[in-house]
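The values are calculated or read from the model by the stated rules, or taken from the named source; none is laboratory data. Because the structure is predicted, anything quoted here is derived from the model rather than measured. Neighbour counts run over all protein chains shown; Cβ positions are idealised from the backbone, glycine included.
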Amino acid sequence: MSPKRVAILLSGGGSNMLALLDCMTGDHPARACLVLSNNPDSGGLKRAAARGVPVAAVDSRPFKGDRPQFEAALMQPLLEAKPDILCLAGFMRVLTPGFVDQWHGRMLNIHPSLLPKFKGLHTHSRAIEADETDHGCTVHEVTSALDDGPILGQARLKILPGESAENLAARVLKFEHQLYPAVLRRFSGGDKRLVSLA
Ligand code: GRF
């Protein structure tokens, strides 16, 4: 069977994107076909291009909040690259149901919390402020509700006494780099069983 084609969408530095690229070698059942950003200046685009992966940018700023128009533009490079799977990896635009529904069951996201806890932003400081003992990250299928959808994998760690949000974020990010590749490997082989890392 030919490998699944994966498009990775990002907005920033792309450390998760690199972890995904690094895993898609050898007998892995997926290969990257595109790295796509809403930010033409994102470091992730440069890092992907340096790896020889096709890249594209659709600058979200000129669309001034017109999400359907932005998403129509975003679809063009995707239609050309023909991905089987989309991986959101720090893609900081909220997608409308009109876009999400077209990729139903084929779009993944990584979120830096143990969903369903702490949807949205500032997850690390919110977990500390809530006196949580555990924190972590989640890979889930994307549905039209923000940071929702079937959970495919979670990595869990203990919050240290007095830990800063920055330190916690750095520790969670290392887990993200293990979790996302592990979930993508299973998912691209058609296996949706939960991946648990601790
Ligand atoms: C990660 O923390 C991810 O969980 C969140 O955005 C961040 C992206 O980081 N969705 P990077 O660009 O992959 O380094």
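Residues are listed down the side, and each one gets a yes or a no for (1) surrounded by 22 or more Cβ atoms within 10 Å (Cβ to Cβ); (2) part of a helix (DSSP H, G or I):
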{"position": "17", "(1), (2)": "yes, yes"}
{"position": "31", "(1), (2)": "no, no"}
{"position": "101", "(1), (2)": "no, yes"}
{"position": "108", "(1), (2)": "yes, no"}
Whether any residue in the range 78-94 is closer than 28 Å to residue 172 by Cα, free of Cβ contacts under 8 Å to residues at least 60 places away in the same chain and within 13 Å of the ligand (Cβ to nearest atom) is what I want to check. yes
Qualifying positions in the range 25-63 - in contact (Cβ under 8 Å) with a residue 40 or more places away in the chain and among the aliphatic types (A, V, I, L, M): 30, 34, 36, 48
Inter-residue pairs, beta-carbon under 8 Å, first within 15 Å of residue 138 (Cβ to Cβ) and in the range 168-187, second of a type in the set (D, E, K, R) and more than 10 Å from the ligand (Cβ to nearest atom), 6+ apart: 181/22; 186/192; 186/193
Checking residue 123 against (1) touching a Ser or Thr at 6+ places or on another chain (Cβ under 8 Å); (2) at pLDDT below 95, which test does it fail? (2)
Test result for residue 163, more than 16 Å from the chain's Cα centre (by Cα) and surrounded by 14 or more Cβ atoms within 10 Å (Cβ to Cβ): yes
Give the residue, chosen from 113, 60, 42, that is more than 14 Å from the ligand (Cβ to nearest atom), surrounded by 13 or more Cβ atoms within 10 Å (Cβ to Cβ) and among the hydroxyl-bearing types (Ser, Thr, Tyr). 60
Residue among 186, 126 that alone is in a helix (DSSP H, G or I), in contact with a Phe, Trp or Tyr (Cβ under 9 Å, 6 or more places away or on another chain) and charged (D, E, K, R): 126
Test residue 76 against the stated conditions and say whether it is more than 16 Å from residue 56 (Cβ to Cβ) and modelled with pLDDT of 95 or more. no
Condition first: away from the ligand (no atom under 12 Å from the Cβ), part of a loop (DSSP other than H, G, I, E, B) and touching a His at 6+ places or on another chain (Cβ under 7 Å). Can you find one or more residues in the range 163-176 that meet it? no
Residue 186 - would you say it is surrounded by 13 or more Cβ atoms within 10 Å (Cβ to Cβ), more than 13 Å from the ligand (Cβ to nearest atom) and closer than 21 Å to residue 30 by Cβ? yes
